[in-house]
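Enquirer: I'd like to ask some things about the structure below.
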């Protein structure tokens, strides 16, 4: 059995870890509030843009535009959002598994990885990573999303990919977030009859040329916001669980320490009583 000194040292070590966990939990909670506000701001903008993109795509003439036209698929591109850091429970495992499962349905998949964890995962799997984005600073996410959208447009228009999917984690609430894979290009089309009489300035193709880059920018920005919000929520929940485990362990070790201490006191008292009885009974007799 461990000595009292060893038990006391373990308690101190666990308490140090507990303090670190509490600090990380507080950081995750603060980031969650901030990124969640960002997410709530971008969602309605994205929804409206998607509505316009779908309506325009339903026009007969739009089907001839490169952003809308279906291609003979030879290469599939996946943009996968993961985190740069761990300690987020099953967050990264879930989205990489979902993306990998979907890739089996594609052709000659190429991957753009956002996040160091995803890069490590797909590199070990021997996948074709054509671009990676790591160590993204929160304040640069908006402009980083715009840069990635511009890169994607250039890559797609050159014919390097015939279809594009985006894999991210959709945030529902602090305890619920689900990995999803959605088609990004060709652009979505609304089912049903289109309003062919509507006019677009200066013309339909020019309107599409300006609209789709903005749509892709907002789609990527939203995907990052959804994923980052889910990541911070997962990390906060994970830190809460780790903190509870640390508290439980401290309690068990404290009880063990007290029992050990009580045992030592009892043994010392028994020795004292034994000595007293020995003396009272006459002690050692001379020969």
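The values are calculated or read from the model by the stated rules, or taken from the named source; none is laboratory data. Since we're looking at a predicted model, the values are computed, not measured. Ideal geometry is used to build each Cβ from the backbone, glycine not excepted, and the neighbour counts take in all protein chains shown.
Enquirer: Can you name the residue in the stretch 47-73 that is buried (at least 19 other Cβ atoms within 10 Å of the Cβ) and assigned to a helix (DSSP H, G or I) and is also modelled with the lowest pLDDT among such residues?
Expert: Checked the stretch 47-73; the qualifying residue modelled with the lowest pLDDT is 62.
Enquirer: Would you check if residue 82 is at pLDDT 85 or above and surrounded by 13 or more Cβ atoms within 10 Å (Cβ to Cβ)? Walk me through it before giving the result.
Expert: Details: at pLDDT 85 or above: yes; surrounded by 13 or more Cβ atoms within 10 Å (Cβ to Cβ): yes.
The answer is yes for residue 82.
Enquirer: Tally time: how many residues in the stretch 143-176 are farther than 19 Å from residue 86 by Cα and loosely packed, with under 15 Cβ neighbours inside 10 Å? Show your work before the answer.
Expert: Residues of the stretch 143-176 that are farther than 19 Å from residue 86 by Cα, as a first pass: 143-166, 172-173.
If we keep only those that are loosely packed, with under 15 Cβ neighbours inside 10 Å too, we end up with 143, 147, 150-151, 154, 157-160, 172-173.
Matching residues across the stretch 143-176 total 11.
Enquirer: Does the stretch 188-207 hold any residues that are surrounded by 11 or more Cβ atoms within 10 Å (Cβ to Cβ), in a loop (DSSP other than H, G, I, E, B) and more than 37 Å from the chain's Cα centre (by Cα), and which are they? Give the steps one after another, and end with the answer.
Expert: Of all residues in the stretch 188-207, those surrounded by 11 or more Cβ atoms within 10 Å (Cβ to Cβ) come to 188-190, 194, 200, 203-207.
Then drop every residue that is not in a loop (DSSP other than H, G, I, E, B), which leaves 188-190, 194, 200, 203.
Residues satisfying the conditions are 194, 200, 203.
Enquirer: Inspect the stretch 173-187 for any residue being over 30 Å from residue 8 (Cβ atoms), part of a helix (DSSP H, G or I) and either in contact with a strand residue (DSSP E or B) (Cβ under 8 Å, 6 or more places away or on another chain) or assigned by TED's automatic domain parsing to the domain that holds residue 45 (or both) and give the result as yes or no. Before the answer, list the steps.
Expert: First pass over the stretch 173-187, keeping only residues over 30 Å from residue 8 (Cβ atoms): 173-187.
From what is left, the residues that are part of a helix (DSSP H, G or I) are none.
No, the stretch 173-187 contains no residue that is over 30 Å from residue 8 (Cβ atoms), part of a helix (DSSP H, G or I) and either in contact with a strand residue (DSSP E or B) (Cβ under 8 Å, 6 or more places away or on another chain) or assigned by TED's automatic domain parsing to the domain that holds residue 45 (or both).
Enquirer: When you check residue 95 against the structure, is it assigned to a strand (DSSP E or B), within 30 Å of residue 25 (Cβ to Cβ) and at pLDDT 95 or above, yes or no? First the steps, then the outcome.
Expert: Working: assigned to a strand (DSSP E or B): no; within 30 Å of residue 25 (Cβ to Cβ): yes; at pLDDT 95 or above: yes.
Judged against the criteria, residue 95 is not a match.
Enquirer: Which of the following residues is surrounded by fewer than 14 Cβ atoms within 10 Å (Cβ to Cβ), part of a helix (DSSP H, G or I) and assigned by TED's automatic domain parsing to the domain that holds residue 44: 210, 255, 228?
Expert: Details: 255 fails: assigned by TED's automatic domain parsing to the domain that holds residue 44; 228 fails: surrounded by fewer than 14 Cβ atoms within 10 Å (Cβ to Cβ).
So the residue among 210, 255, 228 that is surrounded by fewer than 14 Cβ atoms within 10 Å (Cβ to Cβ), part of a helix (DSSP H, G or I) and assigned by TED's automatic domain parsing to the domain that holds residue 44 is 210.
Enquirer: Right, here's the next one. Answer with yes or no whether residue 24 is surrounded by 14 or more Cβ atoms within 10 Å (Cβ to Cβ) and either more than 30 Å from residue 186 (Cβ to Cβ) or modelled with pLDDT under 90 (or both). Write out each step before concluding.
Expert: Numbers: surrounded by 14 or more Cβ atoms within 10 Å (Cβ to Cβ): yes; either more than 30 Å from residue 186 (Cβ to Cβ) or modelled with pLDDT under 90 (or both): yes.
For residue 24, the condition - surrounded by 14 or more Cβ atoms within 10 Å (Cβ to Cβ) and either more than 30 Å from residue 186 (Cβ to Cβ) or modelled with pLDDT under 90 (or both) - is met.
Enquirer: What tally of residues in the stretch 4-41 results from selecting those that are out of contact with any helix residue (DSSP H, G or I) (no Cβ under 7 Å at 6 or more places or on another chain) and in contact (Cβ under 8 Å) with a residue 24 or more places away in the chain? Explain how you work it out, then say what you get.
Expert: Our first condition is that a residue be out of contact with any helix residue (DSSP H, G or I) (no Cβ under 7 Å at 6 or more places or on another chain); within the stretch 4-41, this holds for 5-6, 9, 12-13, 16, 19-20, 23, 26-27, 30, 33-34, 37, 40-41.
Now narrow it down to the ones that are in contact (Cβ under 8 Å) with a residue 24 or more places away in the chain: 34.
Qualifying residue count, the stretch 4-41: 1.
Enquirer: With respect to residue 156, is the statement that it is part of a loop (DSSP other than H, G, I, E, B) and more than 30 Å from residue 29 (Cα to Cα) true? Let's see the steps before the verdict.
Expert: Numbers: part of a loop (DSSP other than H, G, I, E, B): no; more than 30 Å from residue 29 (Cα to Cα): yes.
No, not satisfied.
Enquirer: Show the residue pairs that are 6+ apart or on different chains and have beta-carbon atoms under 6 Å apart, the first residue being within the stretch 198-211 and within 12 Å of residue 56 (Cα to Cα), the second being assigned to a helix (DSSP H, G or I).
Expert: From residues that are within 12 Å of residue 56 (Cα to Cα), the pairs are 200/207; 204/61.
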